[in-house]
Structures are given as C-alpha cells and as structure tokens.
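The values are calculated or read from the model by the stated rules, or taken from the named source; none is laboratory data. Keep in mind that this is a model prediction, so the values were computed, not measured. Every residue, glycine as well, gets a Cβ built from its backbone with ideal geometry; the counts of neighbours run over all protein chains shown.
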Amino acid sequence: MIHFYYSYQPVIDFFLLSLGFAYSQQIALRAGVFSIGTAGFAALGGYLVAILATRTEVPMWVIIPAGAAIGALGGYVLSIPLARLRGAFVAIATLAFVKVIIALALYFEDLTGGAIGVTNIPRIMDTWSLALMALLVIYVNWSIGRTTLGRIFAALAQDESVAASLGVSIRRYHMIGFMVSGAIGGLFGGLQSLYVYNIEPNAFGFAFVVTILTVVVLGGRTTLLGPIMGAGIMAILPEVARPLADNRTMVNGIIMILVITFLPRGVGDTIVDAVRHRWRQRRGASRPQKQEVADAVASD
Amino acid sequence: MLAQQILNGVVSGSIYALFALGFTLLFGVQKLLNLAHGAVFMAGAFIAYYCVIIGLPFWVGLVFAMIASGVISIIVELVAFRQIRKQVDPEFPAIVSSLGVDLILINIAQNLSNTRVLSMPFGTFPIEFYNIFGLRISLLQIVILVLVAALVGALVYYLQKTSFGRQVRAVAQNERAAALLGVSAASVYRQTFFIAGALAGVAGVLIGLSFNSIHFLMGEPYLLYAFVVVVIGGIGSVPGAVVAAILLGVTQALTKAYLSSTLSDAIIFSLLFVALLFFPNGLFGRAVLSAGGDRK
C-alpha cells in the first residue's frame, strides 16, 4: 500500500487537482450554464495566490480563501454581460474570457512575470491537503444538491422556460452558478500554484479547457460521482498506455465524441441512474405507496 | 497612416467575413454551434501549403484546399452532428462532439507539422505594391478583396436565387415542415457544411498567406472572431456578418497599431462584453440573444 502510494503519488495528486476543476466545470453545467470558463477562474485564483505567496507575508489561511474569492468575483463580473447570451454561445464567450485573462497575464509583466510567470512559489500542498480540499468541494456540491438551490439549478438545466414560469429568476441563478463555479475554480487554481512551484499563462490555455471538459463529459454532468469517475479515468489512461499519452489531444477528442454520442450522460451518471433505478424498483415492490414519493424526490 | 491602417483592417476583416459567414450559416441552418469550424479553416491552410510544397501552382492549391476543406467539413457533420441531432436536447452535446472533432484535426495537423510554424515558400505569391490615393496596397490585398467579394456574391446568389438555397432556408426555418414538403434535410446539411467548409478553407489559405504563418492552433482565435461577428451582426444575416467582420478587422488593426498588439484580442473581447451590456440584441438589433428560455 505504501509502495503503491509512492509510485503513484503524482497520478493521485493530478487526479485530485483535476477533480476540483471538474467540480467547478460541473456546477456551471448543473445550473444550465454552458460555461467553459473554469480555466479563466483557475488562472485568476492561481495568479492571486502565487503573487500573494511570493511577495507578501499574508498568512496562508487568508491567501487560499482569497483565491476562491477572486474566482467568485470573476464569475460574478462575467455573468453580467453573458446573461444576454443564448445557451451555446455562452460556451464561446467563456472561451473568449479565458483568452482575455491569459492576455492580461502576459501583458502585466511587472505583476505576473509575463510569459515566464511566477516562480519559486512555496510548496505547501501535499496529497493529504489536496484530498482534504477535494473532500470539502465534494461536501459543498453535495449540500447544494440537497437544498432549494440545487433543485432550482436542476430545473434550469432541464428547461429554462419552465423554471422561469415557476418564478425562478434565470439571471440570478445563472449568476450564482457562475460564482460557485468561479469560487471552486479559483480555489483549485490557487492550490495548484501552491503545489507545482510555478504558474505560467499558457498552462490555462485551450488544452486545460478541453481536458476539464473531457473529464466532466466522460464522468457525468449531474451526479457527484461523475467528476470522480471522469478524473479517475483520465488520470489512469496515460499510465495504462504510453502511446495514448503522446496523442493526448486526439484521445481527448475521441473520448468526447464517443461518450457524448453513445453514452451521453457519462459513465458516472449512468451508473448512478442504474443503481437508483434498481433501488427504487426494490422499494416499490415492497412498499408501493412510497413509489410516488421516490419519483417526486428523484425528479427534483 | 490612419487610412492605411483602416485599409489593412478592411482586408483582414473581409477574410474574417468569409470564415464567419460559414459559421453563421451553419448555426442558422442547424441551430447548433460547430466548434470544429476553426479546425476546418486550419486544414485549408495546411492543404494549400502542402500543395505548394509539392510544386503545384498556388491557384491550384487554393482551389484544391477549398474543395478538400468542404469535404472535411462534410466529414465533421457526419461524425459530430449526424447522431447528436437525434438527441432530445442536442445543444450541449453538439458543443462537445464538435470540439472533439476539432481536437482530432488539430492533433493530426500537429503530427504532420511536428508542432512547427509553417510558412508558404518565398515567391508563392508575387509581392507587388501599388499606390492609390497615397495608400499602399499590395497585389495580394487586391486579390483578397476581389475574391471575397466574388465568393460572398456567389453565396448570396445561391441562398436567394437557387432551388438549393430555398431548401436551405426552408430547413433553417422549420426542419419538419421542410421534410413534409419533400426537402431532404440530410442533403441540405451536407451542402451547407460543404459550402461553410469551403469558405473556411479559402479563409485559412488567405490568412496563412497574408500573415505568412500556418500553425496547427491557428483556428482557435478565428472561431472567437466568428463568435464576435455573429453576436454583433446577427445570426444567419449575411450583410450583418460582412459589416461586423469588417468592423472587427478595422478595430483590430487600429488597436494593434495604436494601443497594444498583445492586448488587441483582449480589448476586442472586452469591448464585445461591454457592448452586450448596452446592445443585448447585438448591434444590428436582431433577436440573437435572449435572457429568457428560447432553447427550442
């Protein structure tokens, strides 16, 4: 077990980091926002944390939440113009947002170090603290799913017009979706800075966007299990087959097409659905009157 | 100096128009975004490059790239959209599947070029300059303007005057009704994808030639420009797209010349976001965007 841990530690750490980003991506989709702006939020949080950690004496327990806060702020600001955009166009608009953030990071060299980025960031995150943060994010996502907020998100994702007719403010809840996505993205962007010693703008480019999107599509877009499955498979895949690692872009592309065409809900969501279905069938057989309740809860 | 920059902006803007027209045409017909359009554009530039490298004249390479990009675009439709269209809510799945095809094409191009930046061999296109009213205009720029005008004219004629064009517009309006009247949606999709791909391919060749750089990631910024053009010009509107693309080209040339070339894209996208606050329906007032639910 110890041996296993040491030989696969980088894989596990990579898994935990991409898990966090995947939840940031997933919560936006759960709210019905087709945002792929997680890379931008991660860059915001990453840079703020890197700059604070290298240039100031601010304690870590302030710096790390500050990363999450700037991500949430970015989500808030981004949501205002994007409230006017229709579904799929949000995806490209958020890609443009990522481009803007990267261009700013390249331009303000005094602050961000330009193309070289910020180096010599103290490395204070290890596997255990990353795991703790991942658990925290899972807990937050789980609680959102249990509250009215989660149900409103689900309604928005399924049908905006129905949600609007029930008195849900689309703009307000899309804004909240952006902010939660931004906070998680910013938090993990900051953690990544404190884990890999350095941060540079191109780490948050197109490849980052696509990798995180692949994780969520592969795993599943609604359940908690989704990002875990997706990030797990994507972390193990290059270890299993080296040729796959050399053509990672193409592998991502093929996975995206195959999964979205033949298993559109993703691996994790499909498993959860199947388990829920069986569980409900069994309960329904013994106590038929509970069936309706179970359906009502599930359809939330 | 100012007039010169505006002229350069108009020329590059006209190429953007070519690319964005195909993008908006596809969205108008199938109501789904094709994120692989940038990769088709890149493929056009690559095909023309390899044609020139093996010794074919530039014109042959251009025509060949145009046709081949159209065919690649048909393949994109087949792989990324044919099955997805049958899903209940295909909007997000289409983003994912077209992005998937985009990645595959990018990876192929990356392997072909060994991640290098390619450029057309010197003398592919004669370098000649003319002075008109004190402005310097190159032969290439004149050819670009004429070619774009001809292609846009052909597209408008095709959409407005031919039976195929009427079928395309019928499917764009209502696929079911069109099918009941005997229009084959599949054939309309194939045609529009071919046309959009061919336009993107030509745009790729022209961009690759005028900036003298062909790169496997060159499609991505142009996809974002197309998005800007569509939001400003209105979805499916040919004149809107042309005006918006030229506006974009000029704005870009001016920001590069007078503000900062690093920040040029960031400024353009930020301007777009600001514009969205004040002109929620795009600058041309078409109901492109809606805060409410008009998903279907």
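Quick check on residue B:106: is it within 14 Å of another protein chain (Cβ to nearest Cβ), closer than 19 Å to residue B:196 by Cα, aliphatic (A, V, I, L, M) and assigned to a helix (DSSP H, G or I)?
Numbers: within 14 Å of another protein chain (Cβ to nearest Cβ): yes; closer than 19 Å to residue B:196 by Cα: yes; aliphatic (A, V, I, L, M): yes; assigned to a helix (DSSP H, G or I): yes.
Spelling it out, residue B:106 is indeed within 14 Å of another protein chain (Cβ to nearest Cβ), closer than 19 Å to residue B:196 by Cα, aliphatic (A, V, I, L, M) and assigned to a helix (DSSP H, G or I).
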**Prompt:** For residues in the range A:203-237 being touching a helix residue (DSSP H, G or I) at 6+ places or on another chain (Cβ under 7 Å) and more than 18 Å from residue A:256 (Cβ to Cβ), which is surrounded by the most Cβ atoms within 10 Å (Cβ to Cβ)?
**Reply:** A:204
**Message:** Looking at the range B:255-268, I want the residues that are at the interface with another protein chain (Cβ under 7 Å from one of its Cβ atoms) and at pLDDT 85 or above and have a partner that is outside any helix (DSSP H, G or I) and surrounded by fewer than 18 Cβ atoms within 10 Å (Cβ to Cβ) with Cβ atoms under 9 Å, at least 6 apart or on another chain. Which pairs are those?
**Reply:** B:266/B:260
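Tell me yes or no: at least one residue of the range B:92-114 is of a type in the set (Ser, Thr, Tyr), in contact with a strand residue (DSSP E or B) (Cβ under 9 Å, 6 or more places away or on another chain) and at negative phi. Talk me through it step by step, then tell me what you get.
Looking only at the range B:92-114, we keep the residues that are of a type in the set (Ser, Thr, Tyr), and these are B:97-98, B:113.
Okay, now just the ones that are also in contact with a strand residue (DSSP E or B) (Cβ under 9 Å, 6 or more places away or on another chain), so B:113.
Keeping just the survivors that are at negative phi gives B:113.
Yes: the range B:92-114 contains one or more residues that are of a type in the set (Ser, Thr, Tyr), in contact with a strand residue (DSSP E or B) (Cβ under 9 Å, 6 or more places away or on another chain) and at negative phi.
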**Request:** Tally the residues that are over 18 Å from the mean Cα position of the chain (by Cα) and in a helix (DSSP H, G or I), restricting the search to the range B:36-74.
**Result:** 9
**Asked** Only one of (1) at pLDDT 85 or above; (2) touching a helix residue (DSSP H, G or I) at 6+ places or on another chain (Cβ under 7 Å) fails for residue B:153. Which number is that?
**Response** (2)
**Asked** Of the residues that sit in the range B:127-141 and are touching a strand residue (DSSP E or B) at 6+ places or on another chain (Cβ under 6 Å) and surrounded by 12 or more Cβ atoms within 10 Å (Cβ to Cβ), which one is farthest from residue B:7 (Cα to Cα)?
**Response** B:138
**Message:** Just the residues that are assigned to a loop (DSSP other than H, G, I, E, B) and either more than 8 Å from chain B (Cβ to nearest Cβ) or touching a helix residue (DSSP H, G or I) at 6+ places or on another chain (Cβ under 8 Å) (or both), please, taken from the range A:71-111.
**Reply:** A:83, A:84, A:85, A:108
**Complete:** Scanning the range A:112-132 for residues that are under 20 Å from residue A:184 (Cβ atoms) and among the polar types (S, T, N, Q), the one farthest from the other protein chains (Cβ to nearest Cβ) turns out to be A:129
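Please tell me if residue A:24 is hydroxyl-bearing (Ser, Thr, Tyr), outside any helix (DSSP H, G or I) and within 22 Å of residue A:157 (Cα to Cα).
no
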**Asked** Where in the range B:173-240 are there helices (runs of 4 or more DSSP H), lying wholly inside it, with at least 1 residues that are closer than 27 Å to residue B:58 by Cβ?
**Response** B:185-210, B:219-233
**Request:** Quick one: which residue in B:205, B:231 is within 12 Å of chain A (Cβ to nearest Cβ) and at pLDDT 80 or above?
**Result:** B:231
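Need a quick list: helices (runs of 4 or more DSSP H) entirely within the range A:195-263 having at least 1 residues that are within 12 Å of chain B (Cβ to nearest Cβ).
Numbers: elements: A:206-219, A:225-240, A:242-246, A:248-262.
Those helices (runs of 4 or more DSSP H) span A:206-219, A:242-246, A:248-262.
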